[in-house]
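Just below is one structure, and these are the notes that go with it.
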Amino acid sequence: MNRIKQLSLHEAQKIAAGEVVERPGNVVKELIENSIDAGAKHITIFLEDGGRKLIKIVDDGFGMSALDARMSIKQYATSKINSIEDLNSLNTYGFRGEALSSIAAVSKLKLITKESESSCGILLEIIGSQIIQEKEYACNTGTEIIIEDLFFNVPARKKFLKSKETEYRAISHIFFSFCFSYPTIYFKLYSENRLIYNCPQAENLTKRLEQLFEKNLTQEIILINGKEERLKLICEGIITDTPYSRYDRSHIFIFVNKRWVKNSKLSQALIKGYQNILQPNKYPAGFLFITIDKSFVDINIHPRKEEVQFLHPKLVENIIELAVKKALENKMMLKINSNLKPSFNKDLSLTHSSNDLIISPIKEYQDNLNTIIPNYSKNFDVKDSGLEKKYNNPDLKPFDKILNESFPFKSIENAYNKPVEFNNLIKPKDLSVDFRLVGQLNQTYILIENELGLVLIDQHAAHERIIYEKIKNQFNTIPTIKLIFPILIELTQLDIELILPYLEIFTIFGLIIEQISPTQLTITQIPAFLNNKPINDTITQIISLLHNQEENVEKIRNLIIEKIHAQLSCTAAIKAGENLSAESMNEIVTSIYKCENKLTCPHGRPTIWQMSLEEIKKKFKRDYR
Ligand code: ADP
Ligand code: MG
C-alpha cells in the first residue's frame, strides 16, 4: 500500500509559516524590522484584540515599486541578499525573505505601498497567499500593511493563540524593545483605537526610557559602558540603581548587535551583577546592548531570530556581570564621596561614563581566556606572579598577567590610576582608610572622622560584611573546632528528610552535621568563628528555604550555599547593643574599608554612612557668609 503523498505547495507553505509566525507578536516583530530596514523614521502600529483580529503597521520608509510589492509576498523573496555569501556583510534585520510570504500564507493581508519616484502607489489584497485584488492607490511614500484574521485558515494554530491580554503583553514587549534600540525613530502603538504609547524621536536611550516609564525607574539609572578588546565586544546601556526594584524580570532587555534576544543566561548575568545588593526575589530593570564582532556570534540558530549563539558564551556572561557590578559600585562610591543630591545623580550619570568596565579577578573569566588562547596560563610562571599572598584562591593567581595582556596597561595599579583613552576608565575616589576614632553611638554605630567628614558605621552590618568576605576568601582553610559535647538539634521527620541530601554542603563552611535518629541531628564540628554562637537558627532557616523551593537541585545547592554563607556571617557578627572597645572598633573600621563590597552587608543593608563637611556646614548654615 502506498502511503506517502506530496503536500500541495500551499499546504507546505502554511506549515512552514508556523516556523516564522507563531503568534501576533512575531508578525509585529517581522513587520517593524522590515520598516526599519526600509529606513522609516515614523512607525505606527494598530492592534485589535491583541493582534488576533487586526495588526496594522504604517511606515514612512522607502516603500516598494508595484513589481516589488507583488514579489515581496513570494517565498524567499528578499531584496537584502543575493546569495549566502552576502550574509557576512549584512546590516539589515531581514534576509531570508520568509516573513511576508509566511504571514500572507496564514492571514488576510493588505499591502499598500509607494516609493518616492512613483507618482501613485499600489494596493494588493491577498488571502492565503492568493492575490485577489490589485489596484493603483493614492498614498504617501512608505508602506502600510494590514493583517486581519491571523491563522483563519490554520485552525490548529489559531486554537493555540493565547488570550487577548497575553498576546497584547507580548506585543508591547516587542514594541518596547524596538523603542529602546531605536530612540531616534518615532514609534506609536494604538490598541482598540486608543493611543497607548507615544514615543516621539528621542535624543538617546535615557530620554526614551523617560517617555515609557515612571519617574521611580528613570530617576534611578546608571549608565553602563564597558569594552573587551579581544572579542571586539562593547557592553553599554542603562541599569537601575538599587533604590529601584521589582518582583519580576520583565524590565530586563538584552540586545545583541541591536537585536533583542531572549537569552536567560544573559539576563541572569545582569542580575548576578547585583548579588547581595538587591533583596532576594527582587529584580532590577536593565537595558543592555552588546555589540560583538559578527564572527563571535551566530544569530541564525532560531527561525524567528530570537536567540543567538556565542562562540564564548561564558565570557560574554562574565563581562556583563562585571560591568553591572562595577557600575553599581562606582555609583555607590560617587554617592557617598561627593555628597550628591539624588537629582544631581541623574544628571551626572547622563554626562559621565563613570561606569566603564574594569575587569577584576574571576575564575571563569580566566578559564575562558584560556580556551580562547590556549597557552595563556603556560606563558608565565604562576609562582612568580606575586599574587599568591593577595588571593588565597590558587585559581586566581595568574590573573594580573591576563589583565595586563587583555588591556594595554602596565599593571593593575595603572589600570586604576591612569585614564586610558580607549576605555575611558575613571577611578572612583576611593574611600579613605585614614581615620580617627570618635566613639560609639547607642552601642550600635561606630563614629569616625576622616578627611571627608564624619562617618557612621553600623557595627553589626559592617562586621557581617567583613566575616562574609573572609569566609569567601578562605573557603577551604577555615579553622574549625571539634566539639566534645555535640550540639543536638530536634526537628520533624519531614524537616530532616528535606535537609539530609544537602548536609554535606555545610562541610564547606567547616560544619559537620550528622543524623542520629529520624528526628535528630548533631553538630560535631564548627568553624572557630562560630564558637559559642547559636547555630541552630542557620539550620532551621535552610529548612524553611527548602520547604519553599521548586527549583532544580543545582540551583537549590547554590541557594543553600549563599544562605549558609550569609546566615553564618550574621550569626558570627557582633550585634547592635554590644559595647565595643576602641581596639575592636578600630579593627572593624580598618577591615570594612578593605572589603570588596564595603558599602552593604550581605543582606543588602548599608554599612557606612559618610557625612561630608559640606553637608555638616550646610546644616549649621556656615555656607552663607
Ligand atoms: P526579508 O526582510 O528577509 O527580505 P520579508 O519577507 O520580510 O523578507 O520581506 C520581503 C521584501 O519585501 C524585503 O526584502 C523588502 O524588499 C520588501 N519589504 C517588506 N516590507 C517592507 C517595507 N515596510 N518597506 C519597504 N520594503 C519592504
Ligand atoms: Mg523581513
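The values are calculated or read from the model by the stated rules, or taken from the named source; none is laboratory data. These numbers come from a predicted model, not from an experiment. Cβ coordinates were reconstructed from backbone atoms using ideal geometry, including for glycine residues, and neighbour counts include every protein chain displayed. Areas reflect the complete protein model, heavy atoms only, side chains present, ligands, DNA and RNA absent. Shrake-Rupley method; radii C 1.70, N 1.55, O 1.52, S 1.80 Å.
Expressed as a whole percentage, what fraction of the accessible surface of the stretch 214-268 belongs to carbon and sulfur atoms when a 1.4 Å probe is rolled over the protein heavy atoms?
Carbon with sulfur: 44 percent of the solvent-accessible area.
Farthest toward the positive end of the dipole of the stretch 1-86, out of Gly39, Ile55, Met1, is the Cα of Met1, where the dipole comes from beta carbon charges about the Cα centre. Net charge around Glu192, counting only other residues with Cβ within less than 9 Å of its Cβ (Lys, Arg = +1; Asp, Glu = -1)? Here the count lands on -1. Solvent-accessible surface of the stretch 1-146, taken per residue with a 1.4 Å probe and all protein chains present: 51 Å². Give Lys162/Lys294; Lys108/Lys262; Lys164/Lys232; Lys108/Lys265; Lys331/Lys619; Lys272/Lys575 a once-over and call out the pairs whose C-alpha atoms are over 31 Å from each other. In this structure, Lys162/Lys294; Lys164/Lys232; Lys108/Lys265 lie more than 31 Å apart at Cα.
Near Pro155: Cβ cut-off under 14 Å, other residues only, Lys/Arg at +1 and Asp/Glu at -1. The net charge is +3.
With Cα atoms defining each centre, the stretch 519-540 and the stretch 549-585 are spaced 13 Å apart in the structure. Evaluated with a Cβ-only charge set (Lys, Arg +1; Asp, Glu -1), the stretch 480-596 carries a dipole of roughly 240 debye about its Cα centre, given to the nearest 20. Taking chymotrypsin sites (Phe, Trp or Tyr not before Pro) across the stretch 583-625, the ones in a DSSP loop with at most 10 further Cβ atoms lying within 10 angstrom of their Cβ are Phe620, Tyr624. The GluC sites (Glu not before Pro) of the stretch 564-618 that DSSP puts in a loop, and whose beta carbon has at most 16 other beta carbons within 10 Å, are Glu578, Glu596.
Value of Rg to Rh for the stretch 12-73, rounded to two decimals, is 1.00; Kirkwood radius and Rg both from alpha-carbon coordinates.
Within 10 Å, count the other beta carbons around each residue, average over each peptide in 559-568, 104-113, 220-229, and list them highest first. Write out the running numbers ahead of the final one.
Numbers: 559-568: 19.6, 104-113: 23.6, 220-229: 21.8.
Per-residue mean Cβ counts within 10 Å order the peptides as 104-113, 220-229, 559-568.
Using a 1.4 Å probe on the protein heavy atoms, what percent of the accessible area of the stretch 511-577 belongs to carbon and sulfur? Its accessible area is 50 percent carbon and sulfur atoms. Accessible surface calculations at 1.4 Å, restricted to protein heavy atoms, place the stretch 484-600 at 49 Å² per residue. Candidates Ile608, Ser591, Phe620 compared by Cα position along the dipole of the stretch 586-625: farthest toward the positive end lies Phe620, with charges placed on Cβ. The distance separating the Cα centre of the stretch 235-295 from that of the stretch 447-467 comes to 31 Å. For the stretch 451-496, the Kirkwood radius over C-alpha pairs fed into Stokes-Einstein at 25 °C and 0.890 mPa s yields D = 164 µm² per second.
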